[in-house]
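The values are calculated or read from the model by the stated rules, or taken from the named source; none is laboratory data. The model shown is predicted, which means the values in this text are computed figures rather than measured ones. Because the Cβ atoms are built from the backbone with ideal geometry, glycine has one as well, and the counts that use them run over all protein chains shown. Surface accessibility is based on the protein's heavy atoms, side chains included, excluding ligands, DNA and RNA. Shrake-Rupley method; radii C 1.70, N 1.55, O 1.52, S 1.80 Å.
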Amino acid sequence: MTIRENILSILRFGSYDRFPMVAFGYWDETVKKWVGEGHIPQEDADAYYATGDNGDGDKAIMKRLGFDYNWSTTFPAQFSLFPAFEEALLEEKPDGSRIIRDNAGLICMVKPGVISIPAEVGTTLTGREAWEELYLPKFRWSEERVDIDRIKTIPAPEDREIPAGLYCGSLMGTMRNLLGVEALSYLYADDEELFEEIAYTFADIAYRCVKKSLESGAVFDYAHFWEDICFKTGPLVHPEVFARVAGPGYKKITALLAEYGIDIVSLDCDGMIGHLIPTWINNGVNTMFPIEVGTWHASIAPWREKYGNVIKGVGGMDKRVFAYDYAAVDREVERLLPLVKLGGYIPCPDHRIAPDAKFENVQYYCERMRKALG
C-alpha cells in the first residue's frame, strides 16, 4: 500500500500495512537551529522557506526525521483579499517597535526580536463604509482565484504516493484575521447585519473556489478547512452564533464535496474546540486537526465516546516532549497507542515543531512510533 492508501484506509477505519508518520511542519526558527546544529543542510532549509509544506525542502527534512507526509499539504485558491493590501509602516517607536498595517488590513505592533504573533492594535475594517469601499471590491468572485493550471498537475490517484488535499478556505477565521479578536467581538454586538454579511461573503467565495477546483477534473482525496477561531479556554465567538452563521456555509460546501466522493473533510482549528465540534459534525466536517494537547488535554478519545465513529482525527501528539528526552517521548507514544487502536485516528505533532525541539527526539519519536505500530 502507498502512503496515500494507508492514510485513507486508517481514516475510514480500515487496515494498513505500514502506519504513516504524519507531520505538520516546523517554525522557521526550528529549521534554522537544526541547520546550525548540523542536522540538515542549508539548501534544505532554504527550500523549506521558499516552498513550505510538502515542498522539496519539507520533503527532505521529513525524510531525515522519519515522517512520511505533512497533513497541511493542500491545493489552495485565493479565498481572502484579492488582491491583498500592501503592507505599510504606520509608525516606528523609539524602542524599535513598529506599527504596521499588514496584508489583511490589520493594524499590528511588531516588536524587535519577538517571533510570536504580533499584537493587534487596530483594524482598517472600521465599519460598513470601510467594508464596502476598501474590502468588498477585494472579495469579488473571479475565476482567477483558482489556479486551474496548477490543479491539473495533480497526478491521477493511481499514480500518486501521497494524498491530494483540497483547501476549502475559512468561514470565520479569516474575519478574525481582518478585524482582530476584540473588534470581531464588538462588530457582532454593534452591527450584527454587517457581521453576517462578511461571513456570508467568505462562505460564497469558498463555495465558488471549491466548485471551480472540483470541476477541473482533478480527483482529491480529502478536503480541508482552516479556522483558528478558538483559544485555550474556548471559542472566540459564541457557539450559537457560530452554528447559525457558519453552519450553513459548511453544509453547502461539504454537500458539494460529497457529490465528488470526498468523505474525509478535515478542519484546522487551534485551541479548545469542543464547543464548536457539534457545528462541524452536523454540517459535514468530520476530521479534527491538529487536536492541540495544550493545557486542556485535547484528545480524540472523549470526542469518539460522545460522537461515535463519525468523528476522526489527525494530530493530538504533544510536541512539547521533543524538548525533553527519550523517556518523555516513550511516555507520549504509550499514551497515543490506545488512541490509535480506536481507529480513524492518526497521531501528528499538535502544531508546528517549535525551536526547543531536539532533532534526535523527533527522529526517535518516528522510529518508536513506527516500531510500535508497524
Worksheet item: Which condition breaks for Tyr200 when tested against (1) open to solvent by less than 50 Å² (accessible area, probe 1.4 Å); (2) farther than 30 Å from Asn54 by Cα; (3) in contact with a helix residue (DSSP H, G or I) (Cβ under 8 Å, 6 or more places away or on another chain)?
Response: (1)
Item to complete: Output the residues belonging to segment 254-271 that are in contact with a Ser or Thr (Cβ under 9 Å, 6 or more places away or on another chain) and not small (Gly, Ala, Ser).
Response: Ile262, Ile264, Val265, Leu267, Asp268
Discussion item. Looking only at segment 324-350, how many residues end up being within 18 Å of Glu367 (Cβ to Cβ) and either open to solvent by 20 Å² or more (accessible area, probe 1.4 Å) or among the small types (Gly, Ala, Ser) (or both)?
Written reply: 10
Worksheet item: In segment 291-312, what residues are of a type outside the set (A, V, I, L, M), out of contact with any Lys or Arg (no Cβ under 8 Å at 6 or more places or on another chain) and under 22 Å from Ile353 (Cα atoms)?
Response: Glu292, His297, Ser299
Worksheet entry | strands (runs of 3 or more DSSP E) enclosed by segment 81-127 - at least 3 residues per element that are without any contact (Cβ under 8 Å) to a residue 24 or more places away in the chain | 88-92, 98-101, 106-110
Worksheet item: Could you give every pair whose Cβ atoms fall below 8 Å, whose first residue belongs to segment 1-12 and is within 8 Å of Gly344 (Cα to Cα), and whose second residue is of a type in the set (Gly, Ala, Ser), counting only separations of at least 6 or pairs across chains?
Response: Ile10/Gly343; Ile10/Gly344; Leu11/Gly344; Arg12/Gly344
Response to the item:
Just one listed residue, out of Phe225, Phe220, is assigned to a strand (DSSP E or B), closer than 22 Å to Arg145 by Cβ and open to solvent by less than 40 Å² (accessible area, probe 1.4 Å), and it is Phe225
Item to complete: Give me the pairs, please: first residue somewhere in segment 35-57 and in contact (Cβ under 8 Å) with a residue 40 or more places away in the chain, second residue anywhere and open to solvent by less than 40 Å² (accessible area, probe 1.4 Å) and not hydrophobic (A, V, I, L, M, F, W, C), beta-carbon distance under 7 Å, and either six or more positions apart or on two chains.
Response: Asn54/Asn70; Asn54/Thr73
Response to the item:
Scanning segment 228-238 for residues that are touching a helix residue (DSSP H, G or I) at 6+ places or on another chain (Cβ under 7 Å) and either free of Cβ contacts under 8 Å to residues at least 12 places away in the same chain or not in a loop (DSSP other than H, G, I, E, B) (or both) gives Pro235
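Can you name the residue in segment 59-79 that is among the polar types (S, T, N, Q) and under 15 Å from the mean Cα position of the chain (by Cα) and is also nearest to Tyr222 (Cα to Cα) among such residues?
Once the filter is applied, the top-ranked residue is Thr74.
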Worksheet item: In segment 315-374, how many residues are at pLDDT below 95 and over 13 Å from Met21 (Cα atoms)?
Response: 1
Worksheet item: Do you know which residues across segment 321-358 are farther than 19 Å from Val31 by Cβ, of a type in the set (Gly, Ala, Ser) and assigned to a loop (DSSP other than H, G, I, E, B)?
Response: Gly343, Gly344
Fill in: Any hit, segment 248-255, residues being touching a strand residue (DSSP E or B) at 6+ places or on another chain (Cβ under 6 Å), β-branched (Val, Ile, Thr), touching a residue at least 12 places away in the same chain (Cβ under 8 Å) and under 28 Å from Tyr135 (Cβ atoms)
yes
Response to the item:
Sole miss for Asp270 among (1) in a loop (DSSP other than H, G, I, E, B); (2) without any contact (Cβ under 8 Å) to a residue 12 or more places away in the chain; (3) of a type in the set (Asp, Glu) is condition (2)
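Yes or no, residue by residue, for (1) modelled with pLDDT under 95; (2) hydrophobic (A, V, I, L, M, F, W, C); (3) more than 30 Å from Gly25 (Cβ to Cβ):
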residue	(1), (2), (3)
Leu236	no, yes, no
Ala243	no, yes, yes
Pro248	no, no, yes
Thr254	no, no, no
Ala258	no, yes, no
Gly261	no, no, no
Val265	no, yes, no
Cys269	no, yes, no
Met272	no, yes, no
Worksheet item: Just a yes or no: is a residue in segment 58-81 among the small types (Gly, Ala, Ser), closer than 27 Å to Met369 by Cβ and modelled with pLDDT of 95 or more?
Response: yes
